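Colleague: Right, I'll just put the structure down here and ask away after.
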Amino acid sequence: MLRFGVGPLLPTINDTKAAYDPFFKWLAGEIGVKYELTAVDSWGGIAVALGAEQLDLAWMGPFGYVLANKRSGVEAIATVKYDDKPIYRAIVVGKPDIEVKTWPDDAKGRSISFTEVSSTSGWLVPTFWF
């Protein structure tokens, strides 16, 4: 049995599991094994689960991978492609009346909220800039 894991890609664990289960079901069928899918509510949780050998494979973000690789030596074996390119996208949102024309220069000195500390776009990149 292969134990797959997926991080918090959608608002709830149940939403994430429902959205990604068809892919992992297909993948397990293609390689002829039974599978179990675990969804977690933090990117760090995926890294910890891999390191504790509770998962065999995981769909994770870049910073979660760096943490898992450093802690337990896991290796990336595939990457997701968007528009046939392996890229990473994130957005920054703010109130409509805030004038930020050039990022990150016009945002310096402003208050900003971050997400969890194992998120690439919600913690790692913004803390580098600010």
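Colleague: Assess whether Asp15 counts as being more than 20 Å from Leu2 (Cα to Cα) and surrounded by 13 or more Cβ atoms within 10 Å (Cβ to Cβ).
Modeller: Details: more than 20 Å from Leu2 (Cα to Cα): yes; surrounded by 13 or more Cβ atoms within 10 Å (Cβ to Cβ): yes.
Criteria met by Asp15.
Colleague: Sticking with this structure for a sec: Counting only residues that are of a type in the set (A, V, I, L, M, F, W, C) and within 19 Å of Asp41 (Cα to Cα), which one in the range 60-75 is surrounded by the fewest Cβ atoms within 10 Å (Cβ to Cβ)? If you could, list the steps in order and put the result at the bottom.
Modeller: At the first step, the residues of the range 60-75 found to be of a type in the set (A, V, I, L, M, F, W, C) are 60, 63, 66-68, 74.
Filter again for within 19 Å of Asp41 (Cα to Cα), leaving 60, 63, 66-68.
Values: Met60: 27, Phe63: 21, Val66: 15, Leu67: 23, Ala68: 25.
Of everything passing the filter in the range 60-75, Val66 is surrounded by the fewest Cβ atoms within 10 Å (Cβ to Cβ).
Colleague: Taking Val80 as meeting all but one of (1) part of a loop (DSSP other than H, G, I, E, B); (2) at pLDDT 85 or above; (3) within 30 Å of Met1 (Cα to Cα), write down the number of the exception.
Modeller: Evaluating Val80 over (1) part of a loop (DSSP other than H, G, I, E, B); (2) at pLDDT 85 or above; (3) within 30 Å of Met1 (Cα to Cα) leaves (2) as the failure.
Colleague: Could I ask something else about it? Being of a type in the set (Phe, Trp, Tyr), free of Cβ contacts under 8 Å to residues at least 60 places away in the same chain, assigned to a helix (DSSP H, G or I) and surrounded by 12 or more Cβ atoms within 10 Å (Cβ to Cβ): is that true of Phe24 here? I'd like the intermediate steps shown before the answer.
Modeller: Values: of a type in the set (Phe, Trp, Tyr): yes; free of Cβ contacts under 8 Å to residues at least 60 places away in the same chain: yes; assigned to a helix (DSSP H, G or I): yes; surrounded by 12 or more Cβ atoms within 10 Å (Cβ to Cβ): yes.
Yes; evaluated as a whole, the condition is true for this residue.
Colleague: Any residue in the range 34-46 that's within 19 Å of Ser119 (Cα to Cα): show its pairings with residues that are part of a strand (DSSP E or B) at Cβ separation under 6 Å, as long as the two are six or more apart or on different chains.
Modeller: Here the result reads Thr38/Gly5; Ala39/Val6; Ile46/Gly5; Ile46/Ala58, each pair linking the range 34-46 to a residue that is part of a strand (DSSP E or B).
The values are calculated or read from the model by the stated rules, or taken from the named source; none is laboratory data. In this text, all values refer to a predicted model and were calculated from it rather than measured experimentally. Cβ atoms come from the backbone with ideal geometry, glycine included; neighbour counts cover every protein chain shown.
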